[in-house]
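The values are calculated or read from the model by the stated rules, or taken from the named source; none is laboratory data. Only a predicted model underlies this, so the values are computations on that prediction, with no experimental measurement involved. Note that each Cβ is placed from the backbone with ideal geometry, even for glycine, and that neighbours are counted across all protein chains shown. Please note that ligands, DNA and RNA were not included when accessible areas were found on the heavy atoms of the full protein model with its side chains. Shrake-Rupley method; radii C 1.70, N 1.55, O 1.52, S 1.80 Å.
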Amino acid sequence: MLTNETISKLQDMRLGVMAKQFKEQQNDPQLASMSFEDRFSILVDAEWTTRKSNHIKNLIKNAGYAIPGASVEDIEYLPERKLDKSQILRLASCAYIQEAHNVILLGATGAGKT
């Protein structure tokens with residue numbers, strides 16, 4: 001009975017992920033041997049990770065990128081594109097920001113500058 005009230009209160013406080021994890025902890029016998037601090041840490045970590053992930057997704061959505069799901073790993077290094085893979089990976093490390101260097105991308109329309 002107390003568990004249902006706790007889950008309800010967590011949901012009322014908009015801690016849905018934590019409530020879900022708490023419910024899962026109740027059904028997992030392996031977690032019963034863990035200390036309170038460890039179990040609580042798992043709950044907080046799940047909630048924090050979900051909130052952080054949702055925040056990043058919202059930032060990407062609001063940025064209005066042409067291809068929001070694009071990533072460096074998905075770049076196609078076709079010969080006609082004449083892309084230098086090592087140079088792309090250096091740029092992806094963002095070291096140029098720390099070094100205060102500018103980056104200018106040049107290329108024909110449709111070359112994949114976006």
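So here's what we get for this one:
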item: Fraction of accessible area attributable to carbon and sulfur, the chain (%, probe 1.4 Å); result: 56
item: Among [x] 66, 30, 29; [y] 55, 36, 27; [z] 71, 28, 23, the entry that matches Cα extents along the principal axes in Å as calculated here; result: [x]
item: The chain, relative contact order [Cα under 8 Å, separation at least 6], %; result: 15
item: Cα shape, segment 57-112, gyration tensor, a/c 1.5 rule; result: oblate
item: FRET efficiency, Glu99 to Val72 (Cβ-Cβ, R0 25 Å, nearest 0.05); result: 0.85
item: Leading residue at positive end of dipole, segment 17-114 (Cβ point charges), from Ser93, Ala19, Leu31; result: Ser93
item: Exposed-site-free run, longest, the chain (rule: GluC sites (Glu not before Pro); DSSP loop; at most 13 other C-beta within 10 Å); result: 1-75
item: Summed residue charge, Cβ within 14 Å of Ala108's Cβ, Lys/Arg positive, Asp/Glu negative; result: +2
